[in-house]
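The structure appears right after this line, and notes come after that.
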């Protein structure tokens, strides 16, 4: 997760975040909503990322406004950094629901008791795993 | 009120649990499978208890199901990363383990489990009481997956 270092507006194709990330062309990111409408999240595809300046160019234009500042607003807002969050959605280990009639897949971890009385306790560890069309 | 008719797993045969082998055998070898054949399209595949199968091919045909009672790991090559995909209607980790990458060495290629199924497909149940849907990764065993940390 990184933060916007400058505000960006509807129609923009470039957003400024921090440099030094290993984000590459084709990655999917989300710019979370910063205004009053929680639905105003933009899902974007990276066309290019400048590792030095932190500028991301998207393949399409943003649909919504996102607030950013050059440095954290924590000092002004009781320790809260209000700048828009930009999160990477693309991962190299993926659980994908194939798109069939928009029917999503699900991941279920559970305990169970089998008919013969054997108890099983499900355990699941996901680290940097992407779940797509899936809950 | 809604009722479920339990079609798949309500009266599962018992698993005769054995200790998992110390050495992995490749998915691609017919000798790794009790049936003596590498799984083909539409198969109900089981990784049997006691066996450790290493997924070493790029993709499976579309399986009807994959049940894991032993251990299934993904073969990783950090020099030349390989993308590997399991295609199945559902994956059920029962008395076994499904492991991709490790905490120290996350998987290097792209590992995908692609699940199929439509709204009318038959549902899987862990027991008479626990329903698991018809398109999913269902787990009552152990699942560990480690992708690359990219932030």
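Summary table below
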{"item": "Residue match in the stretch B:73-82 (condition: more than 17 Å from residue B:110 (Cα to Cα) and in contact (Cβ under 8 Å) with a residue 12 or more places away in the chain)", "result": "no"}
{"item": "Test: residue in the stretch B:99-112 that is facing chain A (nearest Cβ under 7 Å) and under 22 Å from residue B:42 (Cα atoms)", "result": "yes"}
{"item": "When residues of the stretch A:63-79 are limited to those that are farther than 19 Å from residue A:38 by Cβ and surrounded by 14 or more Cβ atoms within 10 Å (Cβ to Cβ), the one nearest to the other protein chains (Cβ to nearest Cβ)", "result": "A:72"}
{"item": "Matching residues in the stretch A:80-113 - criterion: being more than 21 Å from the chain's Cα centre (by Cα), assigned to a loop (DSSP other than H, G, I, E, B) and either within 7 Å of chain B (Cβ to nearest Cβ) or crowded, with 18+ Cβ neighbours inside 10 Å (or both)", "result": "A:101, A:110"}
{"item": "Number of the condition not met by residue B:133 [criteria: (1) more than 9 Å from chain A (Cβ to nearest Cβ); (2) in a loop (DSSP other than H, G, I, E, B); (3) free of Cβ contacts under 8 Å to residues at least 60 places away in the same chain; (4) within 27 Å of residue A:102 (Cα to Cα)]", "result": "(1)"}
{"item": "Number of positions in the stretch B:118-130 that are surrounded by fewer than 24 Cβ atoms within 10 Å (Cβ to Cβ) and either at the interface with chain A (Cβ under 7 Å from one of its Cβ atoms) or in a strand (DSSP E or B) (or both)", "result": "5"}
{"item": "Yes/no for residue B:86 being buried (at least 21 other Cβ atoms within 10 Å of the Cβ), in a strand (DSSP E or B), modelled with pLDDT of 95 or more and in contact with a helix residue (DSSP H, G or I) (Cβ under 8 Å, 6 or more places away or on another chain)", "result": "no"}
{"item": "Matching residues in the stretch B:16-33 - criterion: being over 23 Å from residue B:101 (Cβ atoms) and within 16 Å of the chain's Cα centre (by Cα)", "result": "B:33"}
{"item": "The one condition in (1) out of contact with any helix residue (DSSP H, G or I) (no Cβ under 6 Å at 6 or more places or on another chain); (2) on the phi < 0 side of the Ramachandran plot; (3) more than 9 Å from every other protein chain (Cβ to nearest Cβ) that residue B:50 fails to fulfil", "result": "(2)"}
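The values are calculated or read from the model by the stated rules, or taken from the named source; none is laboratory data. Note that the structure is a prediction, hence the values are computed from the model and not measured. Cβ atoms come from the backbone with ideal geometry, glycine included; neighbour counts cover every protein chain shown.
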